[in-house]
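Reading through the C-alpha cells given below for one structure.
The values are calculated or read from the model by the stated rules, or taken from the named source; none is laboratory data. Computed from a predicted model, the values in this text were never measured in an experiment. Glycine gets a Cβ as well: all are built from the backbone with ideal geometry, and neighbour counts include every protein chain shown.
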C-alpha cells in the first residue's frame, strides 16, 4: 500500500490503545468540513457535544465498528472520558475540526471539563449551548461573516485559569508568564483594548508555545508570521496585498481575510530581528491604534488584538556553560539582561520600541525543566516513563542553547523510532496496542522490551 494512504497511528492514553485515524487529502477534508457546517447550520437545535464527536468518529476512525465494540466493553461511567480522549486525538491531527474552532465563542475549557463530568453536568452544558446566540457562532474558520467580539478572557477567574494553563504547559518560565498575565489583566478589564509584548530569550524555551496558548484562550484567533520571510523590502505586500499594477493586486491579502473574521487576534511576529526595515515601518500604524490600510485603501481593524514579537537578539553572546560572556567578564543570565536589552535597542528603531508595552525575558531551561518537558513529549508514545528513560533522554539531548526543540527532536528520532520498530514487529497490531518498557544497556543504548497487554486485543 502507498505510504501516503496509510492511516495515522495515535496513542489514546485512556484506552491504552493505538487509534488508526484516516489520512485525507485537503480536498476531501474540505468536503467533510462542509458536511459538518451543513449539519450544524441545518439543525433546529444546537448540536449536542456527543453527536459532534460521533460525527468525527464516523468520519476519521478506521474500522468504526471494531472501535465501538472496544468502547462497548468499557464501563459505562468511562464512556465520556473515552469520547473526550478520542476527540482530542482526532483534533490533534485535524485542528480545524476542533469544537473551539467550529464554534468560536464556546469556551473549550468548559467543553473539556464537561466531557469528564456526569450526565447532569452535560445537561447544563447543553443548556449553555442553547443560550448562545446563533449569530455569535462562527461555523467555519474561513467564513465571510465577522464574529462578534466575545472575549474568553473577560474576568479575573478567566485570567487566573489562563495563568494556571500557561504554568502547566510552559515549563520553567513562571516569571515570563507572570508578566504576560499582568498585561492580560489590563486587557480583560477593558482598561486597554490591545497589547504589544516583546519576548526575548534563547531558542526553544517556550516563546512561541506561550503565544499559541494565549491566542487560543483569548479569542481562539491566532496567526504566526515568520519574519524571516519578510527580509526584503517589498515582501510585506504578502500581508496587505500587492500594489496596483502588480500581479495579485486584485487578490485578497492575508490580513484582509483576518480582519473580515475578527478584530480580536493574537498575532505572533516570530524572529522579528530578521524582518526588513520597511516591514518594521509597516508595523508602526498597527501598533499605534490597531489599524492597517490594505492595497485597496481599506482600513483593517485589529484594535482589540495582542501583538507579540519574539527575538533571539543578544543570545549569540551567551556562553552556555552557565555563564554569559561580555567583554572579559562573566556574569549570570539575570545580570546580563540589561546588556541584552541594550543590543535589542540598538537593533530596532526608537519609533518601534516606543510602541512596545512590555519587554519579557525567557530563561534558558534547567535540567529539571528539561525532564518535565521530556515527560510531556513522551505523552503520546506507548512507552513507560521511567526515571532511567528520562535520564537517558536528558543525557543525550539537554542543551541550554537549543532548548526544548532539541529534546523533542531526540525523542522523535530515537525513542519514538525504536518504539515504532517494536510496534511494527507486532504480528497482530491492534488499537489496543502494547505498552513498552525501556531498558538502558551498560553501554548507554536504549532497548525496547515488549510487555504483555493488560487488556485483551480486539
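On the basis of being at pLDDT 90 or above, farther than 22 Å from residue 345 by Cβ and either surrounded by 17 or more Cβ atoms within 10 Å (Cβ to Cβ) or outside the structural domain of residue 356 (by TED's automatic domain parsing) (or both), does residue 311 make the cut? Steps first, answer last, please.
Working: at pLDDT 90 or above: yes; farther than 22 Å from residue 345 by Cβ: no; either surrounded by 17 or more Cβ atoms within 10 Å (Cβ to Cβ) or outside the structural domain of residue 356 (by TED's automatic domain parsing) (or both): yes.
No; evaluated as a whole, the condition is false for this residue.
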Would you be able to say whether some residue in segment 418-426 is surrounded by 15 or more Cβ atoms within 10 Å (Cβ to Cβ) and at pLDDT 90 or above?
yes
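Take residue 191 and decide whether it is free of Cβ contacts under 8 Å to residues at least 12 places away in the same chain, farther than 21 Å from residue 345 by Cβ and in the same structural domain as residue 315 (by TED's automatic domain parsing).
Values: free of Cβ contacts under 8 Å to residues at least 12 places away in the same chain: yes; farther than 21 Å from residue 345 by Cβ: yes; in the same structural domain as residue 315 (by TED's automatic domain parsing): yes.
It is true that residue 191 is free of Cβ contacts under 8 Å to residues at least 12 places away in the same chain, farther than 21 Å from residue 345 by Cβ and in the same structural domain as residue 315 (by TED's automatic domain parsing).
Considering only residues that are crowded, with 23+ Cβ neighbours inside 10 Å and either over 24 Å from the mean Cα position of the chain (by Cα) or not in a loop (DSSP other than H, G, I, E, B) (or both), which ones fall in segment 294-306? Let's see the steps before the verdict.
Taking segment 294-306 as the starting set, the residues that turn out to be crowded, with 23+ Cβ neighbours inside 10 Å are 305-306.
Passing the criteria: only 306.
Hey, among the residues in segment 379-417 that are assigned to a helix (DSSP H, G or I) and more than 25 Å from the chain's Cα centre (by Cα), which one's surrounded by the fewest Cβ atoms within 10 Å (Cβ to Cβ)?
We begin by selecting, within segment 379-417, every residue assigned to a helix (DSSP H, G or I); these are 387-397, 403-417.
Subset that is more than 25 Å from the chain's Cα centre (by Cα): 387-389, 391-392, 395-396.
Working: 387: 8, 388: 11, 389: 21, 391: 14, 392: 21, 395: 12, 396: 15.
Here the answer is 387.
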Filter result for residue 194 (more than 20 Å from the chain's Cα centre (by Cα) and modelled with pLDDT of 90 or more)
yes
